[in-house]
Amino acid sequence: MRFFTERGHDAHVISFAPLESKHVEAIEEAGGKFQDVIGGFHLKQFWVTARDLWKLKGALRRERIDVLHCHFLGANTWFAALSNFHPFVITVMGGGDVCGPQWKPTSQQRERILTPFALQKADLVTSWSYSMAKTVRPYCRKNVEVIHGGVDLGRFYPRKKPDYLHSRWNVPEGAKIVFSPRLMRPLSNIDAIVEAAVEICADRRDVYFLFAASEVVKDVVYEERIKAIVQSSSTPKNVKFIGSIAHEEMADYYSLADVTVSIPEIDGTPLTVLESMACGTPVVASDIPDYDPHYIESGKTVLSVRPRDTTGLAEAILRLLDDSDLANRLAAEAGNRVRMTGSYEAQMSRMERLYLSLVNDA
């Protein structure tokens, strides 16, 4: 939003979930204008849906909107399609709306009918990965553009290891550090990373693992199971659960780490991986078809492993920890590719050109 407002465009937000005051303040700080909250899509209570649809159409007329862009393939896209507004853009995010190459709208009446309807009505569909683009393309009138959120290269770049994090987490100077930045949930295969950590730390007391653990997006049962694996190991002090990480500190964690690990079963274009690359930290990533090979190419920019292959994961981590030439070569090539096309400015500039093309053709 800030990118577009700084380029002289107006940006308006209509939310499909309640917002706290801090979220509205963040929208306004970025130069945007918060319009309203529209609730869920109801078939039985059709009058509620009709009321919210009327609110949406009113905001579009009142603010003289040029492009309506829905992020995430869900009820918001159904409202947008039924508003009959054009140009209408949908971005498929992954991790919840389109999961895996076998995805199709569910048997529930609303999604079975309205999701294909929305994709057909859209003047442009974008996706965060080539795999998701291929999955939704049969439902779309036009080709699907692959555009992701992009990396802020003003924040994520190579830097010295931050000493303050060593003392904060009681990690000795000179220790080897492996960082897991993904949400602690089954989709991220954190249990497989923890099992590899236990295996590695049993033989290598100089290796420490740091796991991000969001306080907002929590799976309490899964998190307890993860921590139980660590507590029953011989080296529990070598594995640290560091809670939520402030965005302004993320680059420091990548720079602290010798290896970043990200092995979900399915994914879009993972910004955590691209951020690590931009910071010059080598990555072990999933060997899955979801990824854009320009960024995630096994043996060229990352080491790839099957998501549930704990032994293979441990071996890949140790290769990067022990082979500095390999780690430096992968990190250098990955960083170059992110800087070439993966920046926030590059991705948003592509989106701006597509917006302008849609408006000019309308």
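The values are calculated or read from the model by the stated rules, or taken from the named source; none is laboratory data. Computed from a prediction, not measured in an experiment: that's the story for all the values here. Positions of Cβ are generated from backbone atoms using ideal geometry, with glycine treated the same way; all protein chains shown enter the neighbour counts.
Among the conditions (1) within 24 Å of Ile266 (Cα to Cα); (2) crowded, with 21+ Cβ neighbours inside 10 Å; (3) more than 19 Å from the chain's Cα centre (by Cα), Glu224 misses just one, which is (2). Set side by side, the residues Asp290, Asp325 differ, and just one is more than 28 Å from Thr5 (Cα to Cα), of a type in the set (Asp, Glu) and outside any helix (DSSP H, G or I), which is Asp290. When Ala314 is tested against the conditions (1) small (Gly, Ala, Ser); (2) buried (at least 24 other Cβ atoms within 10 Å of the Cβ); (3) over 20 Å from the mean Cα position of the chain (by Cα), the lone failure is (2). Within segment 142-165, track down each residue that is of a type in the set (D, E, K, R), in contact with a helix residue (DSSP H, G or I) (Cβ under 9 Å, 6 or more places away or on another chain) and assigned to a loop (DSSP other than H, G, I, E, B). Asp152, Arg155, Arg159, Lys160, Lys161 - these are the residues of segment 142-165 that are of a type in the set (D, E, K, R), in contact with a helix residue (DSSP H, G or I) (Cβ under 9 Å, 6 or more places away or on another chain) and assigned to a loop (DSSP other than H, G, I, E, B).
Of the residues Glu248, Glu215, the single one that is acidic (Asp, Glu) and in a helix (DSSP H, G or I) is Glu248. Among the residues making up segment 95-140, those that are modelled with pLDDT of 90 or more, out of contact with any strand residue (DSSP E or B) (no Cβ under 9 Å at 6 or more places or on another chain) and not aliphatic (A, V, I, L, M) are Thr115, Pro116, Phe117, Gln120, Pro138.
Is it the case that His69 is modelled with pLDDT of 90 or more, closer than 28 Å to Leu183 by Cβ and not aliphatic (A, V, I, L, M)? Here the answer is yes, as His69 does meet what is asked.
Among the residues of segment 14-54, those identified as surrounded by fewer than 16 Cβ atoms within 10 Å (Cβ to Cβ), in contact (Cβ under 8 Å) with a residue 24 or more places away in the chain and under 15 Å from Trp78 (Cβ atoms) are Gly40, Leu43. For segment 1-47, filtered to residues that are assigned to a helix (DSSP H, G or I), touching a helix residue (DSSP H, G or I) at 6+ places or on another chain (Cβ under 9 Å) and among the charged types (D, E, K, R), the residue that is nearest to Leu114 (Cα to Cα) is Arg2. Yes or no: Ile245 in contact (Cβ under 8 Å) with a residue 40 or more places away in the chain and in contact with a Pro (Cβ under 7 Å, 6 or more places away or on another chain)? No: the conditions fail for Ile245. Considering only segment 166-183, I want to know if a residue exists there that is out of contact with any helix residue (DSSP H, G or I) (no Cβ under 6 Å at 6 or more places or on another chain), in contact (Cβ under 8 Å) with a residue 24 or more places away in the chain, under 19 Å from Ser262 (Cβ atoms) and assigned to a loop (DSSP other than H, G, I, E, B). Taking every residue of segment 166-183 in turn, at least one turns out to be out of contact with any helix residue (DSSP H, G or I) (no Cβ under 6 Å at 6 or more places or on another chain), in contact (Cβ under 8 Å) with a residue 24 or more places away in the chain, under 19 Å from Ser262 (Cβ atoms) and assigned to a loop (DSSP other than H, G, I, E, B).
A quick yes/no check of all residues on (1) assigned to a loop (DSSP other than H, G, I, E, B); (2) in the same structural domain as Gly39 (by TED's automatic domain parsing); (3) under 26 Å from Ile296 (Cβ atoms):
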position: Lys55; (1), (2), (3): no, yes, no
position: Gly58; (1), (2), (3): no, yes, no
position: Asn76; (1), (2), (3): no, yes, no
position: Gly94; (1), (2), (3): yes, yes, yes
position: Val98; (1), (2), (3): yes, yes, yes
position: Pro116; (1), (2), (3): no, yes, no
position: Val125; (1), (2), (3): no, yes, yes
position: Arg137; (1), (2), (3): no, yes, yes
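Scanning segment 136-165 for residues that are in contact (Cβ under 8 Å) with a residue 40 or more places away in the chain and among the charged types (D, E, K, R), we see that the one that is surrounded by the fewest Cβ atoms within 10 Å (Cβ to Cβ) is Lys160.
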